[in-house]
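One structure is given below, encoded as structure tokens.
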There are 2 protein chains.
Amino acid sequence: MIDKPKAVVLISGGLDSATTLAIARERGYDCHALSLDYGQRHRVELKAAHWVAESFGVREHKVIGIDLGGIGGSALTDRAIAVPEQPEEGIPATYVPARNMVFLSLALGWAEVIGARDIFIGVTAVDYSGYPDCRGEFIRAFEAAANLGTRAGVEGRRFRIQTPLIDLSKAEIIREGARLGVDYGLTVSCYQADSEGRACGACDSCRYRIQGFEQAGLPDPTRYKT
Amino acid sequence: MIDKPKAVVLISGGLDSATTLAIARERGYDCHALSLDYGQRHRVELKAAHWVAESFGVREHKVIGIDLGGIGGSALTDRAIAVPEQPEEGIPATYVPARNMVFLSLALGWAEVIGARDIFIGVTAVDYSGYPDCRGEFIRAFEAAANLGTRAGVEGRRFRIQTPLIDLSKAEIIREGARLGVDYGLTVSCYQADSEGRACGACDSCRYRIQGFEQAGLPDPTRYKT
């Protein structure tokens with residue numbers, strides 16, 4: 001029996017990354033889940049990531065602590081900046097400077113250590129908040145840098161950053177996840193969920209999610225506050 | 001009076017980054033120093049970084065905690081892997097997977113928050129340990145990714161990753177630093193220095209440093225164990 005190839009899958013506890021994990025598993029990878037504890041305001045995310053990892057029976061779920069709050073500059077890490085509840089023009093206040101760059105770099109380091117060549121990240125450039133680090137151009141540029149800046153890359157074992165959701169709408173993501181048996185009741189997308197994972201129903205992330213279930217024509221298992 | 005442009009300067013507490021900080025200051029930047037507490041074995045590095053930042057009177061010295069030890073895979077973060085005391089073939093055991101990618105990503109995030117366009121890192125591709133993430137090709141690829149993955153980059157305020165040491169030998173770096181008044185007695189290069197910053201004199205990093213002072217024809221202020 002041939003061993004399955006290893007993959008590192010970034011999971012946040014949200015809907016997109018849970019679906020990404022389901023896709024990675026379906027593609028035959030031995031999945032190693034990675035979450036980042038970066039001082040996010042929505043800390044129940046990490047609980048949700050644990051629920052998701054457990055429900056998929058991943059090989060390992062690692063949580064790396066990193067103090068992005070020290071950098072500030074985002075509504076998600078700095079309590080002095082409010083989470084917007086109305087759509088904003090341009091890149092919103094919830095943008096965390098260089099977040100995916102930091103996350104992918106850590107995923108890359110771990111992939112190199114465990115001998116994985118594939119890194120999955122659930123970015124999407126449709127129905128999204130306009131974050132620059134969710135775009136395909138960025139992902140391809142990161143991949144190029146990864147293959148120049150690592151031992152494995154230099155030695156010819158190229159890394160691939162896989163973004164299976166990048167061209168999917170929220171509704172398409174939800175339909176794909178439902179097909180693969182993802183329990184979206186475990187996931188938390190809300191930027192200001194309470195400690196039990198109940199969502200506000202008003203932030204950007206909630207709005208995309210509600211709309212996604214509506215358009216997918218599937219029941220929304222999200223638990224909302226009152 | 002025109003404000004000086006801001007720069008983020010990565011400082012480790014070692015000789016190269018102290019020289020880089022001196023160069024950034026000479027080039028007229030308002031320097032914001034960044035160090036990473038990544039579970040490094042040589043923890044006195046962070047003390048040395050503090051001494052260096054203080055001696056230069058930087059605007060701010062930020063230390064961000066990040067648990068690279070959780071990833072493992074390097075003699076610098078994993079106590080189960082020995083620091084080699086003989087030159088090795090290829091990329092050595094002290095290579096920390098994706099370290100500069102992680103460090104530059106964090107510097108980028110902070111630069112974006114404070115409105116700096118320039119990031120200085122003291123990598124050198126001469127007299128070095130052969131780390132792939134110290135090479136110019138990697139730095140340029142990272143810069144390209146940075147400008148695609150950030151709000152500032154997308155809005156046309158391009159980031160520059162400045163590597164003033166990249167083509168300098170260790171002796172040239174030391175001569176340049178001496179000219180700029182760097183007190184190398186404050187810096188710690190050793191991978192296994194004691195808690196007072198005294199060096200082993202045997203690891204890769206010590207060897208390059210000793211040779212550098214010899215070739216520069218300057219007295220070596222390093223404090224050695226016994």
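The values are calculated or read from the model by the stated rules, or taken from the named source; none is laboratory data. Quantities reported herein were computed from a predicted structural model and do not represent experimental measurements. Note that we place each Cβ from the backbone using ideal geometry, even for glycine, and neighbour counts take in every protein chain shown.
Quick rundown of the values:
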| item | result |
| --- | --- |
| Residue satisfying all of: in region B:101-120; more than 13 Å from A:V102 (Cβ to Cβ) and under 13 Å from the mean Cα position of the chain (by Cα); nearest to the other protein chains (Cβ to nearest Cβ) among these | B:I119 |
| Odd one out for B:A125 among (1) within 27 Å of B:K6 (Cβ to Cβ); (2) in contact with a Pro (Cβ under 8 Å, 6 or more places away or on another chain); (3) not hydroxyl-bearing (S, T, Y) | (2) |
| Helices (runs of 4 or more DSSP H) contained entirely in region B:121-202, each with at least 3 residues that are more than 16 Å from the chain's Cα centre (by Cα), free of Cβ contacts under 8 Å to residues at least 24 places away in the same chain and buried (at least 20 other Cβ atoms within 10 Å of the Cβ) | B:136-149 |
| Tally, over region A:124-159, of residues that are of a type in the set (S, T, Y), facing another protein chain (nearest Cβ under 10 Å), over 18 Å from A:V113 (Cβ atoms) and in contact with an Asp or Glu (Cβ under 9 Å, 6 or more places away or on another chain) | 0 |
| Of all residues making up region B:18-50, the number that are among the polar types (S, T, N, Q), within 19 Å of B:V96 (Cα to Cα) and in contact with a strand residue (DSSP E or B) (Cβ under 6 Å, 6 or more places away or on another chain) | 1 |
| Criterion: under 19 Å from A:E45 (Cα atoms) and touching a Phe, Trp or Tyr at 6+ places or on another chain (Cβ under 8 Å) - qualifying residue of A:G177, A:G149 | A:G177 |
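Matching residues to (1) in a strand (DSSP E or B); (2) at pLDDT 90 or above; (3) not hydroxyl-bearing (S, T, Y):
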residue: B:S12; (1), (2), (3): no, yes, no
residue: B:S17; (1), (2), (3): no, yes, no
residue: B:A22; (1), (2), (3): no, yes, yes
residue: B:G28; (1), (2), (3): no, yes, yes
residue: B:L34; (1), (2), (3): yes, yes, yes
residue: B:A49; (1), (2), (3): no, yes, yes
residue: B:E54; (1), (2), (3): no, yes, yes
residue: B:G73; (1), (2), (3): no, no, yes
